Amino acid sequence: MPLIKSISGIRGTIGGAPGDALTPVDIVKFVYAYCACMRERRPHPDGEKYKVVVGKDGRISGSMVEDLVTGTLVSCGVDVVKCGFASTPTTELAVILSKADGGIIITASHNPRQWNALKLLNEDGEFLSAAQGQAVLDCAEAGNFDFAPVDELGSVTEHDFTDEHIEMVLGLKDVDCEAIRNAGFSVVLDPVNSVGAIIMPRLLEKLGVACVTINQEVDGNFAHNPEPLPSNLVELSESVLDYHADLGISVDPDVDRLAFICEDGTPFIEENTLVSIADYLLSRAASIAEAEGVPLEEVTAPYAPVTVSNLSSSRALRDITEKWGGTYYASAVGEVNVTTLMHSKNALFGGEGNGGVIFPQAHCGRDAMVGVALFLSYLAARAKKMSEIKASLPQYTIVKNRIDLSDSSVIDWILQDVKKAYSSKGRITDIDGVKIDFDEERKWVHLRKSNTEPIIRIYAEAPTQEAAEELSNELLGFVHRIISG
C-alpha cells in the first residue's frame, strides 16, 4: 500500500520499501521535517530547547514507531515528553499542559492493525493548518537534513496524562457528575484492544457507572474492524442485550470517535452522537435563559450559541441548533477545517458526523471522553431509554456512494458541470467539492473528490431511505452521463 501523505501527517502500512509504506526511513524524514518547520513557525531564543509531546495508541507497531519518532526528535535537539499509551485527545491535552511546542500522535485511527501513522500537532494541541502541513511535506521532499551535534541533543522524560485528562472531563461545568452517579447506569464498553481500554473504564468508574469491557487487552490485535460502524459492532450489540445494559459504548483505537448502542441492541447511529449532545447543551442553555429572562448568548458566554460540523454531516445538527435559537455553520471536511471555523465563530460545540465530538471548553479536538461524559449527562437529564431518545431526534438517512475514475484530472470539470446544472435547483456550497441543499425538502447531496485516490464520493441525505437513495442515484446517473460524453 502506498505511503499516504497529507497536511495532517503521513500514514501507511508497516513494512516494504521507503516511499511505498510507513518505513523507518519515512518516519525519520517526516519527523525531521516537522522539527525544521516547527523552528520556523515558533522561533526560540538561542539555546532554548524545543519540546514535543509523543503519544501512541495500542497498535502492534506502536513501540517501534515511538522509538523512531523519539530518537529522531532527540537527534534534532528537541526535548521529548513521552505519554506512552495515550488517546489522541489525551496527547492533544498533554501538549497544552506541558506548554510544549507541538505533539506527534502515533495512530492510524480507525485503519486496520497493519497500518500506522504520524499525526502532527501545533503548540495548541491542534492539527497543523493546511499551509503548515504543506510546509512539512515540502521540507520532507527536499531532504536537506542537518541534525544536532552531541552537546545539543534533546532529552526524554515520561509522563502519563491519563488522570489529568479524566479530571479535566469531570471538571467541565456541563458534565453533571451527580446526576450520572444517581442514575446508576450500566454500560458495555468496546475499546477494540487499544488505549480506550485504559482510560475509558477509569472515567466511567469515577462517574459511578457500572462497566463491562469487551476486547480489553491492549495488544493491537483488533477483535474486529476498528471503525465504529454498526456492521463492526455486532459483538457489542449482543453484549448489551446479554448484560441488560443501558447502553453500549464504542470508541476507535485512538479514542477520538464515539458511537453508541441502544439498550435494545440497535445502533444509536454515529451522526446522532453530535446531535444529541448539541440538544443537551443548547436545551439546557435555553432553559436557563428563559428562567432568568436573559438572552441565550449570555448563558453560553464566553462562547456563542453556535454549532459547527462538516458539509458531509447530517442536517439534524442544524435542525436541533435552530430549534433552541442557535446558529449552525458547515465547514469543509476534515477536523482542522471544523476547528478553524469553530474558532472563527467562537462556537459552543461542534465536530464531525462520524462521532467526533469537539467541545472547546475542554480543548479544540475530537474527544470521546468528553463526548461520553456529556452524553451520560444528557441521558440522566432526560431519564429516558436510549431508543426513546433516538426516536425523539430529527430523523434522516444518509446514503454513501462513490465513483471510481481512471483519471483524477477530470474530477474538477465534472464537479463544475454538476454545479452549473444544479445551481438553479438548490443552494450550492463549493468550499469542498459541490454540495446541493434542497432546503424545502430537507435533503442534500455532496460530491467531493478524494485527496488520495481518483474517486468522487457522493453522500446524500433525506428524511427517508428511499428519498436519499433516489437523490444519490440521480447524481450518480448525471456524473456517469458526463463521463460517457
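So here's what we get for this one:
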read-out: From the options ARG366, ARG318, residue that is farther than 30 Å from GLU164 by Cβ and either among the basic types (Lys, Arg) or at pLDDT below 95 (or both); value: ARG318
read-out: ASN346 vs. criteria under 29 Å from ARG457 (Cβ atoms), not assigned by TED's automatic domain parsing to the domain that holds ILE199 and not aromatic (Phe, Trp, Tyr); value: no
read-out: Some residue of segment 425-435 being at positive phi and either of a type in the set (Gly, Ala, Ser) or surrounded by 14 or more Cβ atoms within 10 Å (Cβ to Cβ) (or both); value: yes
read-out: Cross-chain or 6+ apart pairs with Cβ under 7 Å, segment 469-485 first and closer than 13 Å to ASP417 by Cα, then in a loop (DSSP other than H, G, I, E, B) and at pLDDT 95 or above; value: none
read-out: Restricting segment 140-190 to residues that are among the polar types (S, T, N, Q) and either within 30 Å of TYR243 (Cβ to Cβ) or at pLDDT 95 or above (or both), the residue that is surrounded by the most Cβ atoms within 10 Å (Cβ to Cβ); value: THR162
read-out: Test for THR157: is it touching a strand residue (DSSP E or B) at 6+ places or on another chain (Cβ under 9 Å), within 16 Å of GLY55 (Cβ to Cβ) and not in a helix (DSSP H, G or I); value: yes
read-out: Given (1) within 27 Å of GLN132 (Cα to Cα); (2) among the small types (Gly, Ala, Ser); (3) in a helix (DSSP H, G or I), number of the condition ALA285 does not satisfy; value: (1)
read-out: Of the criteria (1) surrounded by 19 or more Cβ atoms within 10 Å (Cβ to Cβ); (2) at pLDDT 95 or above, which one VAL333 fails; value: (2)
read-out: Near pairs, Cβ below 6 angstrom, 6+ apart or cross-chain, from segment 177-189 (outside the structural domain of LYS384 (by TED's automatic domain parsing)) to any residue that is assigned to a loop (DSSP other than H, G, I, E, B) and surrounded by 18 or more Cβ atoms within 10 Å (Cβ to Cβ); value: ILE180/LEU207; PHE185/VAL209; PHE185/ASP246; SER186/ALA245; SER186/ASP246; VAL187/VAL209; VAL187/ALA245; VAL188/ALA245
read-out: Residue list for segment 114-142, filter: of a type in the set (A, V, I, L, M, F, W, C) and not in a strand (DSSP E or B); value: LEU128, ALA130, ALA131, ALA135, VAL136, LEU137, CYS139, ALA140, ALA142
read-out: Residue match in segment 391-410 (condition: under 30 Å from ALA86 (Cβ atoms), within 26 Å of the chain's Cα centre (by Cα) and not hydrophobic (A, V, I, L, M, F, W, C)); value: no
read-out: Counted residues, segment 414-424 - those being surrounded by 13 or more Cβ atoms within 10 Å (Cβ to Cβ) and in a loop (DSSP other than H, G, I, E, B); value: 1
read-out: Yes/no for ILE96 being more than 23 Å from PRO149 (Cβ to Cβ) and either of a type in the set (Asp, Glu) or in a loop (DSSP other than H, G, I, E, B) (or both); value: no
read-out: Residue match in segment 373-387 (condition: under 27 Å from PHE161 (Cα atoms) and either in a strand (DSSP E or B) or β-branched (Val, Ile, Thr) (or both)); value: no
read-out: Matching residues in segment 39-85 - criterion: being β-branched (Val, Ile, Thr) and in contact with a helix residue (DSSP H, G or I) (Cβ under 8 Å, 6 or more places away or on another chain); value: VAL52, VAL53, VAL54, VAL65, VAL69, THR72, VAL78, VAL80, VAL81
read-out: Positions within segment 45-93 being surrounded by fewer than 21 Cβ atoms within 10 Å (Cβ to Cβ) and part of a loop (DSSP other than H, G, I, E, B), in sequence order; value: PRO45, ASP46, GLY47, GLU48, LYS49, ILE60, SER61, GLY77
read-out: Hey, ILE436 of a type in the set (A, V, I, L, M, F, W, C), in contact with a Gly (Cβ under 9 Å, 6 or more places away or on another chain) and closer than 21 Å to GLU271 by Cα or not; value: yes
read-out: Enumeration of residues in segment 461-479 that are surrounded by 15 or more Cβ atoms within 10 Å (Cβ to Cβ) and under 29 Å from the mean Cα position of the chain (by Cα); value: GLU461, ALA462, PRO463, ALA467, ALA468, GLU469, LEU471, SER472, LEU475, LEU476
read-out: Hits in segment 387-413 - residues which are closer than 16 Å to SER472 by Cα and either surrounded by fewer than 18 Cβ atoms within 10 Å (Cβ to Cβ) or of a type outside the set (Phe, Trp, Tyr) (or both); value: THR397, ILE398, VAL399, LYS400, ASN401, ARG402, ILE403, ASP404
read-out: Criterion: free of Cβ contacts under 8 Å to residues at least 24 places away in the same chain, crowded, with 18+ Cβ neighbours inside 10 Å and of a type in the set (A, V, I, L, M) - qualifying residue of VAL308, VAL299; value: VAL299
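Listed here are the residues, each with its yes/no results for (1) closer than 20 Å to SER314 by Cα; (2) at pLDDT 95 or above; (3) not charged (D, E, K, R).
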{"position": "ILE358", "(1), (2), (3)": "yes, yes, yes"}
{"position": "LYS390", "(1), (2), (3)": "yes, yes, no"}
{"position": "THR397", "(1), (2), (3)": "yes, yes, yes"}
{"position": "ARG402", "(1), (2), (3)": "yes, no, no"}
{"position": "TYR422", "(1), (2), (3)": "no, yes, yes"}
{"position": "ASP430", "(1), (2), (3)": "yes, yes, no"}
{"position": "ASP437", "(1), (2), (3)": "yes, yes, no"}
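The values are calculated or read from the model by the stated rules, or taken from the named source; none is laboratory data. Every value quoted in this text rests on a predicted model; they were computed, and no experiment measured them. All Cβ positions, glycine included, derive from the backbone under ideal geometry; neighbour counts span all protein chains shown.
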